[in-house]
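A short worksheet on the structure shown next.
The values are calculated or read from the model by the stated rules, or taken from the named source; none is laboratory data. Because the structure is a prediction, the values reported are computed rather than measured. Counting neighbours? That spans all protein chains shown, and the Cβs are built from the backbone with ideal geometry, glycine included.
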Amino acid sequence: MTKRLLLGQTLGFSGNPFTDDWADAVAFDSGGGVLIAGDRIAEVGHAAALRAAHPDAEVTDYGDALISAGFVDAHMHYPQTAMIASWGKQLIDWLNTYTFPEEARFADKAYADRIAGRTLDLALAHGTTTLASFCTIHHESVDAFFEAAAQRNMAVIAGKTCMDRNAPDNLRDTAQSAYDDSKALLEKWHGVGRASYAITPRFSPTSTPDQLAALGALWAEYPDCLMQTHLSEQLPEIAWMRDLFPQARDYLDTYEAFGLLGPNGLYGHAIHLDPREIDRLAEVGAAVVHCPTSNLFIGSGLFDAAGLAQRGIATGLATDTGGGSSFSMLRTMATAYEVAQLRGVALHPSQLIWLATEGSAAALKMRRQIGHLGVGAMADITVLDLASTPAIAQRAERAMDIWDALFPTIMMGDDRAIRDVWIAGRRAG
Ligand code: GUN
Ligand code: ZN
C-alpha cells in the first residue's frame, strides 16, 4: 500500500468548538504531519516522529501551509453553476427568471455532463472535496453528476429534484414518476463507490401533498438515505407556503405531515424558524445547512448559527450555488462570520473551519469518514497557503498565533489560497 507523508501545520478537531471550549476542541500542530496509507489517513502527529517511523513514505513538505480536512459543501445546486451571480431578484422571481430556464437544459445529457464536470473541477480548485447537490427533475442530470464524481473519486451526495406544481411544464414530474424515478436512481447509485443518493423534494411549494407523501413513503423504504430539501428561507416564500398548506402548523410541518422529517433529513437555509420547528429539529436529530452568501445575495435573512448549535442541532455550511454567490467555502466562512456579526456574535476561526469540515460532515451523517483530519478518515485533504495574495500576506505576517494567521485567509482568501487538494489519498487533478 502506498504510504504518503504530508508535512506542514496541521489543524484537526477532537471536539465541537460550538459546544466545547474551542481551545479544547482543536488539534493544531505547527510542525505536524499526516500519514496517508492507501485512501485513508493512518496517522496524524509530529513531523519528525512520523518521518522517523516511516522512512519509506513519499514525503510532500508544505512548509508553513496549513493542512486541513477537505471542505464539505453541504447544500448546492450543480445545475445552477452557469447562472451563478444573476442580478436583481429575490427567491421566487429568481427561480422563475433564471433558475428554471437553466435547469430545463439538463434534459440534454451532454449539457449535464459538461456542467457536472465543470462544477466538480471548480469545487476542487476551491478546496471542496465533497458536495451535496440538488440535480434537476431529469434522470440525465443525476447520472451526469454521479458519473463525473466517480471519475474524480469524490464522495458526493445528490438526488433528482422533484417538482409537480408551480414550475414550468417541462420541469414538472408527477407524484408517481417522482417516486419511480427517484427509486430507480437510488437503486442505481446509492452506495456505489463514493456516491450517496438523497431523496430530494425541491421545497414544499413545488410539490403537491401527493408528491410529498410519495417521497415520504420512499424514504420509509430507504431510511438510511438522506432526504434534502429547503426550509424557511425567505418571508414571501413562507407566506406562499401558508396559502398552499393551510392545515400546516408551520413550514416544517409541511414535511413532517408527509413522512419527510427524520434524523437523516437535511434542511437548507432554516432561517425564519418558529420555536416548535426548532424543538422538532432538535428532537428528531435532523440537520440544517447554513448558506450565508445565498442568504445575503437573495436577500433572505440572518441564520442563527450559534443559537441552533446551542440547541444541539447539527449544522452544515454550504455555498448554495447558484443562489450563493461564490464557489469558495473560504468566502462562505467569511460570510458566515459577517452574518453572525449582524446578530451580535463573533464566530471564532476554529468554529468557521469546523462548520466547513466536521460540521458539514456530521450534517451529512458522514462524521469521521470525511471532513476529518484524523485516523481512519478518508484522505480528502485541503492544503491552505496562508499568504496567498499580497494583501493577505502582509496581514498574516504580523499574526500572533495560528488563528490570527488563518483568519485573514478565511476573510480574504479564494482559490488562490488552495495550495493542494487530495482525494482519497491521491492528489486531485
Ligand atoms: N428554494 C427552492 N429552490 C431553491 C433553489 O434552487 N435555491 C434556493 N436558494 N432556494 C430554493
Ligand atoms: Zn438550495
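Checking the condition surrounded by fewer than 24 Cβ atoms within 10 Å (Cβ to Cβ) and at pLDDT 95 or above, which residue from Met400, Met378, Met411 passes? Spell out the reasoning first.
On the way: Met400 fails: at pLDDT 95 or above; Met378 fails: surrounded by fewer than 24 Cβ atoms within 10 Å (Cβ to Cβ).
Going through Met400, Met378, Met411 in turn, the sole match is Met411.
State whether the residues of the range 398-414 include one that is under 17 Å from Gly127 (Cα atoms), of a type in the set (Gly, Ala, Ser) and in contact with a strand residue (DSSP E or B) (Cβ under 6 Å, 6 or more places away or on another chain). I'd like the intermediate steps shown before the answer.
Narrowing the range 398-414 to residues under 17 Å from Gly127 (Cα atoms): 406-414.
Those left that are additionally of a type in the set (Gly, Ala, Ser): 413.
Going one step further and asking which of them are in contact with a strand residue (DSSP E or B) (Cβ under 6 Å, 6 or more places away or on another chain), we end up with none.
Among the residues of the range 398-414, not one is under 17 Å from Gly127 (Cα atoms), of a type in the set (Gly, Ala, Ser) and in contact with a strand residue (DSSP E or B) (Cβ under 6 Å, 6 or more places away or on another chain), which makes the answer no.
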Check your understanding: Only one of these conditions is not met by Asp73: (1) of a type outside the set (Phe, Trp, Tyr); (2) within 12 Å of ligand 1 (Cβ to nearest atom); (3) closer than 25 Å to Thr315 by Cα. Which number is it?
Key -> (2)
Exercise for review: Please tell me if Val156 is buried (at least 22 other Cβ atoms within 10 Å of the Cβ) and not polar (S, T, N, Q).
Suggested key: yes
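Could you list, in sequence order, all residues of the range 266-316 that are within 16 Å of ligand 1 (Cβ to nearest atom) and assigned to a loop (DSSP other than H, G, I, E, B)?
Here is the first cut: in the range 266-316, the ones within 16 Å of ligand 1 (Cβ to nearest atom) are 266-273, 288-303, 316.
Answer for the range 266-316, where residues must be within 16 Å of ligand 1 (Cβ to nearest atom) and assigned to a loop (DSSP other than H, G, I, E, B): Ala270, Ile271, His272, Leu273, Cys291, Ile298, Gly299, Ser300, Gly301, Leu302, Phe303.
Would you please name the residue that is surrounded by the fewest Cβ atoms within 10 Å (Cβ to Cβ), looking only at residues in the range 49-95 that are among the polar types (S, T, N, Q) and away from ligand 2 (no atom under 15 Å from the Cβ)?
Looking at residues that are among the polar types (S, T, N, Q) and away from ligand 2 (no atom under 15 Å from the Cβ), I get Thr60.
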Practice item. Mind counting the residues in the range 46-90 that are touching a strand residue (DSSP E or B) at 6+ places or on another chain (Cβ under 9 Å) and either at pLDDT below 95 or part of a helix (DSSP H, G or I) (or both)? Key: 9
Point to revise | Looking only at the range 342-369, and only at residues there that are among the hydrophobic types (A, V, I, L, M, F, W, C) and over 18 Å from the mean Cα position of the chain (by Cα), the one that is surrounded by the most Cβ atoms within 10 Å (Cβ to Cβ) | key: Leu347
**Study point:** Flag if Gly344 is touching a Gly at 6+ places or on another chain (Cβ under 6 Å) and part of a loop (DSSP other than H, G, I, E, B)
**Key:** no
Practice item. Would you mind stating whether Asp108 is surrounded by fewer than 17 Cβ atoms within 10 Å (Cβ to Cβ), closer than 21 Å to Ser141 by Cβ and of a type in the set (Asp, Glu)? Key: yes
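Quick check on my filter: what residues within the range 272-301 are more than 24 Å from Met83 (Cα to Cα) and aliphatic (A, V, I, L, M)? It would help to see each step written out before you state the result.
The first filter runs over the range 272-301 and keeps only residues more than 24 Å from Met83 (Cα to Cα), leaving 272-288.
Answer for the range 272-301, where residues must be more than 24 Å from Met83 (Cα to Cα) and aliphatic (A, V, I, L, M): Leu273, Ile278, Leu281, Ala282, Val284, Ala286, Ala287, Val288.
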Check your understanding: Can you name every residue in the range 309-341 that is surrounded by 24 or more Cβ atoms within 10 Å (Cβ to Cβ) and at positive phi?
Key -> Asp320
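Condition check: over 16 Å from Ile92 (Cβ atoms), in contact with a helix residue (DSSP H, G or I) (Cβ under 7 Å, 6 or more places away or on another chain) and buried (at least 18 other Cβ atoms within 10 Å of the Cβ). Does Leu273 satisfy that? Working first, answer last.
On the way: over 16 Å from Ile92 (Cβ atoms): yes; in contact with a helix residue (DSSP H, G or I) (Cβ under 7 Å, 6 or more places away or on another chain): no; buried (at least 18 other Cβ atoms within 10 Å of the Cβ): yes.
Criteria not met by Leu273.
If a residue must be over 16 Å from the mean Cα position of the chain (by Cα) and surrounded by 18 or more Cβ atoms within 10 Å (Cβ to Cβ), how many such residues does the range 118-139 contain? Step through it out loud before you land on a result.
So in the range 118-139, the residues over 16 Å from the mean Cα position of the chain (by Cα) come out as 118, 136-139.
If we keep only those that are surrounded by 18 or more Cβ atoms within 10 Å (Cβ to Cβ) too, we end up with 136-139.
Within the range 118-139, residues that are over 16 Å from the mean Cα position of the chain (by Cα) and surrounded by 18 or more Cβ atoms within 10 Å (Cβ to Cβ) number 4.
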Practice item. Just one of (1) more than 18 Å from Ala361 (Cα to Cα); (2) surrounded by 17 or more Cβ atoms within 10 Å (Cβ to Cβ) trips up Thr2, so point out which. Key: (2)
Check your understanding: In the range 188-235, what count of residues is obtained for those that are within 16 Å of ligand 2 (Cβ to nearest atom), farther than 19 Å from Gly262 by Cβ and not charged (D, E, K, R)?
Key -> 3
Check your understanding: Residues in the range 392-412: is at least one within 16 Å of ligand 1 (Cβ to nearest atom), closer than 25 Å to Ile84 by Cα and touching a residue at least 24 places away in the same chain (Cβ under 8 Å)?
Key -> no
**Study point:** Residue that is within 13 Å of Lys160 (Cβ to Cβ), modelled with pLDDT of 95 or more and of a type in the set (Ser, Thr, Tyr), where the choices are Tyr251, Tyr255, Tyr197
**Key:** Tyr197
Review point. Within the range 236-249, is there a residue that is closer than 25 Å to Leu131 by Cα, touching a residue at least 40 places away in the same chain (Cβ under 8 Å) and not small (Gly, Ala, Ser)?
Key: no
Exercise for review: Filter the range 209-257 down to the residues that are of a type in the set (S, T, N, Q) and crowded, with 23+ Cβ neighbours inside 10 Å, then identify the one that is nearest to Gly301 (Cα to Cα).
Suggested key: Ser232
Study note, to complete from the structure: So, first residue within 13 Å of His269 (Cα to Cα) and in contact (Cβ under 8 Å) with a residue 24 or more places away in the chain in the range 311-340, second residue among the polar types (S, T, N, Q) and away from ligand 1 (no atom under 15 Å from the Cβ), Cβ within less than 6 Å, six or more apart or across chains; the pairs are Gly316/Ser360; Leu317/Ser360
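Among the candidates Ala356, Ala340, single out the residue that is closer than 30 Å to Tyr197 by Cβ and modelled with pLDDT of 95 or more. Even if it seems obvious, please write down each step before you answer.
Working: Ala340 fails: closer than 30 Å to Tyr197 by Cβ.
Answer to the check: Ala356.
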